[in-house]
Amino acid sequence: MHVLDLIARINNCVEELDFAAARMYMEENIDVLNENRSRLKSNARELLEFLTKRLEAGHQPLTRKDMAVINTVNSYASKFDLRGLKVIVRDHSLLFLRSDIEAYLNSDAKIILEGMGAIPKAAS
């Protein structure tokens, strides 16, 4: 994909508030975009800056599969489906060892997973 086409797609995604697609394009082409950041609109530049800082800090981006697992956990927690939660946690235990996982969980999931011991308890 040509650089100008990529930038146009990212700007269009950000205008339409489709941040997931914009993030996907940015993560795949972060080096090219950092060189051409002046062509991005202000919201897209802010998103690029956020992603660059996270990558520099050593955070690995979540994959689609990881996001699907997190959405499933949030859904099961909202329905209080403990059996489903136990299966998901058992099958994807490495995902719950990440330090940034709590930012993606809803309050029900945080409380249940803390009680199960799947994630560390938040310091109050």
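The values are calculated or read from the model by the stated rules, or taken from the named source; none is laboratory data. These numbers come from a predicted model, not from an experiment. All Cβ positions, even for glycine, are placed from backbone atoms using ideal geometry, and neighbour counts span all protein chains on display.
Okay, residues lined up against (1) more than 17 Å from Arg98 (Cβ to Cβ); (2) touching a strand residue (DSSP E or B) at 6+ places or on another chain (Cβ under 9 Å); (3) in the same structural domain as Ile111 (by TED's automatic domain parsing):
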{"site": "Ile10", "(1), (2), (3)": "yes, no, no"}
{"site": "Glu16", "(1), (2), (3)": "yes, no, no"}
{"site": "Phe19", "(1), (2), (3)": "yes, no, no"}
{"site": "Asp31", "(1), (2), (3)": "yes, no, no"}
{"site": "Arg39", "(1), (2), (3)": "yes, no, no"}
{"site": "Phe50", "(1), (2), (3)": "yes, no, no"}
{"site": "Ala68", "(1), (2), (3)": "no, no, yes"}
{"site": "Lys79", "(1), (2), (3)": "yes, no, yes"}
{"site": "Arg83", "(1), (2), (3)": "yes, no, yes"}
Residue identified as closer than 30 Å to Ile7 by Cα, out of contact with any His (no Cβ under 8 Å at 6 or more places or on another chain), surrounded by 12 or more Cβ atoms within 10 Å (Cβ to Cβ) and at pLDDT 90 or above among Ala44, Ala77, Ala109: Ala44
Considering only residues that are closer than 20 Å to Gly58 by Cα and assigned to a helix (DSSP H, G or I), which ones fall in the stretch 92-124? Leu95, Phe96, Leu97, Ile101, Glu102, Ala103, Tyr104
Do we have any residue at all in the stretch 50-59 that's at pLDDT 90 or above and either among the aliphatic types (A, V, I, L, M) or in a loop (DSSP other than H, G, I, E, B) (or both)? no
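Just to be sure, is Glu102 within 18 Å of the chain's Cα centre (by Cα), closer than 30 Å to Ala122 by Cα, surrounded by fewer than 11 Cβ atoms within 10 Å (Cβ to Cβ) and at pLDDT below 90? Give the derivation first.
On the way: within 18 Å of the chain's Cα centre (by Cα): yes; closer than 30 Å to Ala122 by Cα: yes; surrounded by fewer than 11 Cβ atoms within 10 Å (Cβ to Cβ): no; at pLDDT below 90: yes.
Criteria not met by Glu102.
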Could you tell me which numbered condition Glu27 fails, if it satisfies all but one of (1) free of Cβ contacts under 8 Å to residues at least 24 places away in the same chain; (2) in contact with a Pro (Cβ under 7 Å, 6 or more places away or on another chain); (3) not β-branched (Val, Ile, Thr)? (1)
On the basis of being among the aliphatic types (A, V, I, L, M), within 16 Å of Ala103 (Cα to Cα) and touching a residue at least 24 places away in the same chain (Cβ under 8 Å), does Val73 make the cut? yes
